[in-house]
Every structure is written in C-alpha cells, then in structure tokens.
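The values are calculated or read from the model by the stated rules, or taken from the named source; none is laboratory data. Predicted model only: the values in this text are computed from it and were never measured. All Cβ positions, even for glycine, are placed from backbone atoms using ideal geometry, and neighbour counts span all protein chains on display. Quick note on the areas: whole protein, heavy atoms, side chains included, nothing else; ligands and nucleic acids left out. Shrake-Rupley method; radii C 1.70, N 1.55, O 1.52, S 1.80 Å.
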Amino acid sequence: MADKSSIEWTEATWNPVTGCDRVSAGCDNCYALTLSKRLKAMGAAKYQNDGNPVTSGPGFGVTVHPSALDQPRRWRNPRTVFVNSMSDLFHAKVPISFVRDVFDVMRETPQHTYQILTKRSLRLNRFADKVEWPDNVWMGVSVENADHLDRVDHLRDVPASVRFLSCEPLLGSLKGIDLSGIGWVIAGGESGPNYRPMEMSWARDIRDACQVDEVPFFFKQWGGRTPKALGRELDGELWDEMPRWRVG
C-alpha cells in the first residue's frame, strides 16, 4: 500500500488484489499493466503471477493478497484510499468471499474513506445487495465513451454513500449523459507514449452536465506523453470539486 498517491483525487492506495485483463478500449494503454511488468522485473513479490498474454501480461495475473487485508488498520491518521489501483475488485477471478473480506476491512476502519472503481459493472450490480455497504465507501465505474454508458445504469442501483464516474481516459463524447443518482464525476485525458488525444468539447460537455445537475466535477488532466504535459486547466480554471460527503 502506498502511504501517499500521485493521483490527484485520492491520498493513498491499497491493493489487496493485483492484476487484471483488458475489457474495453479504455484498457488499451493501461498504466497498471506496464507498471506490473516493471515490478515483476524488480522482483516485487506481489507481481510474479503472469496473466494471459492476449488480455493481460507479465506480473499482471489476477492475484488476491490476504496478507494485505490488515494494512488499513495500521494507519493512524484518516485518509482517502483508492482500493485496487492495480486491479479491479469485481474481476470475475476475484472470489466473492474475498470481496466480502475487503468490505469487512473497510467497515471496520470507518476513519478512512475508500474509493473503489470498476469496469465490471454488471458483476458489481449483482453483488450490490449481498453485502452491507459502509458509509465510508464510494463506488465508481469507468466510462471512457458512449459505448459503455450501461455501466452508469448498473451503478445507479448500488447503495453506496457516493456513486461516481471516472471518465478517464476520455475517448469520445458523452454529450447528454444522464447523471441522476451520481454524486461525483472525474474526467481526464490519456497519458503515455501512445496516448489518444481528448477533444476539448468532450471535457466541456461533461463539465456542463455536472453544472446543470449540481454534481461535483474533477478535471484531472488533458494528458499527453506525460500526465502533466498539457496541464489541468479547462477554460482557464482548475476543477477540483469533491463530493460533499466525506469522513474525517
């Protein structure tokens, strides 16, 4: 677990699961896949399990880490924690019993705020009524283009205190998106040597929809060869809005 995170909208990361598989266009230049390959070469114990070479890669095989479950209990100060920055908690290869174990830890550490993000929204939807949702858990789905707006519909049924969208990397227009039941939206462009540029109108459309529905909007980056290459301002402003509900 990283005590501090470079991700602008969180403070720390916790990875009781590592590894994943590509499921949509937003995964094509996955930073976690690239990082896992590097960590495997460095001998990092959590990244020695290889995934399918077609959908995953070296060090990126889905692996649960029971030994990591107690880590949040060791943090004295409250913080906002991104759960599984190197995986997807609702991947089909993560046993539901282990998902419940993760939820137990979050429930037992109410001093922290937990942010979970998935592309497996259908499995999330089917799981939602099978567990007690603590108030300190925010649940989000990734929506990179209009092909995956069904993920938003799946999320609406989840009884999380905050339901949020991560429109990053934003690869197409989401004009007209329905934000009913959504409490926060993050948007941003792709970064890396093979980044796909984001059009300004795509970011503006999401921001404008958030303003109409009074949903907090967080603009993470324009992207580029590096995350900071093209800056974070949208129409001359920084958009760092966060949900109104927060522990601590």
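Computed values, structure above
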| quantity | calculated |
| --- | --- |
| Accessible area per residue in Å² at 1.4 Å probe, computed on the stretch 102-248 | 44 Å² |
| Percent breakdown of C-alpha pair distances by 5 Å bin, ordered from the shortest bin, for the stretch 117-176 | 4, 20, 30, 23, 13, 7, 3 |
| Point-charge dipole on Cβ atoms (K/R +1, D/E -1) for the stretch 121-170, about Cα centre, debye to 20 | 140 debye |
| Of all DSSP beta bridges in the stretch 99-248, antiparallel share, percent nearest 5 | 10 percent |
| Over 30 Å between alpha carbons, listed pairs 46/220; 130/228; 37/175; 37/130; 4/228 | 130/228; 37/175; 37/130 |
| Translational diffusion of the stretch 22-123, µm² s⁻¹ [Kirkwood Rh, Cα pairs; Stokes-Einstein; 4 °C; 1.567 mPa s] | 88 µm²/s |
| D_trans [Stokes-Einstein, Kirkwood Rh over alpha-carbon pairs] for the stretch 79-143, 20 °C, 1.002 mPa s, µm² s⁻¹ | 178 µm²/s |
| Percentage relative contact order, the stretch 24-137, counting C-alpha pairs under 8 Å, at least six apart | 21 percent |
| log10 of Debye I(q)/I(0), alpha-carbon scatterers only, for the stretch 112-248 at 0.11, 0.15, 0.22 Å⁻¹ | -0.39, -0.71, -1.35 |
| Distribution of pairwise C-alpha distances over the chain, 5 Å bins, in % | 1, 6, 14, 18, 20, 19, 13, 7, 2, 0 |
| Rg/Rh (Cα only; Kirkwood hydrodynamic radius) as it applies to the stretch 60-104 | 0.97 |
| Over the stretch 148-221: Kirkwood hydrodynamic radius from C-alpha pairwise inverse distances, Å | 12.7 Å |
| Per-selection Rg to Rh, the stretch 1-80 - Cα, Kirkwood hydrodynamic radius | 1.00 |
| Qualifying chymotrypsin sites (Phe, Trp or Tyr not before Pro) for the stretch 179-246 [loop in DSSP, other Cβ within 10 Å: at most 16] | 245 |
| For the chain, calculated [θ]222 nm from helices alone, where every DSSP H run of n ≥ 4 adds -39500 (n - 2.57) | -6000 deg cm²/dmol |
| The chain - percent relative contact order, Cα under 8 Å, separation 6 or more | 14 percent |
| Rg [Å, one decimal], Dmax [Å, integer] - the stretch 205-248, C-alpha atoms | 12.4, 36 |
